[in-house]
Amino acid sequence: MKWKSHTAIARAIAEEMGLPDDLEEELCEGSVDPDRRPDAAMKVDRMGRTFIGRAPHHDPPAGIIMGHAWRSREAYLRGDDRQAVRCLGRALHYIQDKSVSPGLLDRSHDLREEDIADLVPPREAVRKGIDMAVCSPLFVRECVRAVRPRQDPREAMYQATLFSAAIFASVLGPPDSEGRFISDYGKARRNRRCRYAAAGMAAASSILISLLLTQPLALIAGAAAVLAAVLLDHGYHDLREEAEWFGIRPR
Ligand SMILES: [Zn+2]
């Protein structure tokens, strides 16, 4: 996308969210930063060798966007709003470029970006994005995943605006979890401890039984119990991430 489009989306979101002028400028600067100071990413050349190069904008690694979203959230929690908005602008740049189909020919892509530059970010998309936002890193990741390259300039602009507004409202959502979350997290941590203890006991007892009965099949049952405990643990990692989103660090 052209800088004009990136900054138009930033201004539309800033206006809708009532951002002070200095923060609006910071968001605009952040929204064009990746074109001025590119992010580095691991790449693979034709010979299969890995090297560090410029991160792609139309098909960016999700980790780059999530990294900027996390840095923004952390700055926001420590009260550094300028840095928060700047990092967030960087994250949104990739969401916006990812919305535009790169096309088979460079020429068709350039024309598409020129058409998009004539469009105004739809206010309806800004509002819808803010309304659907959930203050959670899992929501941000879902948004990153949902963005698809669009050929139609209007669709590209609509999608870029919608998800930019949604991610903005998610990252700069409520700074604290209002108590709700802490009890969920505490519960999950307790369950996790129990689950590992149970899995450990199942593994130990299966080894004991197999030694006693020289029955190696019991070992398989023990391994299955350990695997089940690890699989069940996925919910815990989600919750742990959400806790960190609200500045709660596990002890
Ligand atoms: Zn770009």
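The values are calculated or read from the model by the stated rules, or taken from the named source; none is laboratory data. Only a predicted model underlies this, so the values are computations on that prediction, with no experimental measurement involved. No Cβ is skipped: glycine too gets one built from the backbone with ideal geometry, and neighbour counts run over all protein chains shown.
Let's see how each residue does on (1) at pLDDT below 95; (2) outside any helix (DSSP H, G or I); (3) buried (at least 22 other Cβ atoms within 10 Å of the Cβ):
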residue	(1), (2), (3)
S5	no, no, yes
E25	no, no, no
V32	no, no, no
M42	yes, yes, no
H68	no, no, yes
R73	no, no, yes
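Condition check ((1) part of a helix (DSSP H, G or I); (2) surrounded by fewer than 19 Cβ atoms within 10 Å (Cβ to Cβ); (3) touching a helix residue (DSSP H, G or I) at 6+ places or on another chain (Cβ under 9 Å)) across all residues:
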{"position": "A10", "(1), (2), (3)": "yes, no, yes"}
{"position": "E16", "(1), (2), (3)": "yes, yes, yes"}
{"position": "E29", "(1), (2), (3)": "yes, yes, yes"}
{"position": "P38", "(1), (2), (3)": "no, yes, no"}
{"position": "P60", "(1), (2), (3)": "no, no, yes"}
{"position": "I65", "(1), (2), (3)": "yes, no, yes"}
{"position": "R82", "(1), (2), (3)": "yes, yes, yes"}
{"position": "L88", "(1), (2), (3)": "yes, no, yes"}
{"position": "H93", "(1), (2), (3)": "yes, no, yes"}
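So, of the residues in the range 120-133 that are over 20 Å from G173 (Cα atoms) and surrounded by fewer than 17 Cβ atoms within 10 Å (Cβ to Cβ), which turns out to be nearest to the chain's Cα centre (by Cα)?
This residue is P122.
Just to check your reading of the model, which residue among D110, D118, D35 is in contact (Cβ under 8 Å) with a residue 40 or more places away in the chain, farther than 19 Å from A165 by Cβ and assigned by TED's automatic domain parsing to the domain that holds R150?
Just one listed residue meets the conditions, D35.
Suppose we filter K4, K43 for residues that are farther than 19 Å from A166 by Cβ, in contact (Cβ under 8 Å) with a residue 40 or more places away in the chain and either under 21 Å from the mean Cα position of the chain (by Cα) or within 16 Å of the ligand (Cβ to nearest atom) (or both); which single one remains?
Exactly one residue qualifies, and that residue is K4.
As an exercise: evaluate S136 against (1) within 16 Å of the ligand (Cβ to nearest atom); (2) surrounded by 15 or more Cβ atoms within 10 Å (Cβ to Cβ) and give the number of the one condition it does not meet.
Condition not satisfied by S136: (1).
Taking A165 as the residue in question, decide whether it is modelled with pLDDT of 90 or more and surrounded by fewer than 24 Cβ atoms within 10 Å (Cβ to Cβ).
For A165, the condition - modelled with pLDDT of 90 or more and surrounded by fewer than 24 Cβ atoms within 10 Å (Cβ to Cβ) - is not met.
Find the residue count for the range 47-85, including only residues that are within 16 Å of the ligand (Cβ to nearest atom) and in contact with a Leu (Cβ under 8 Å, 6 or more places away or on another chain).
The total comes to 1.
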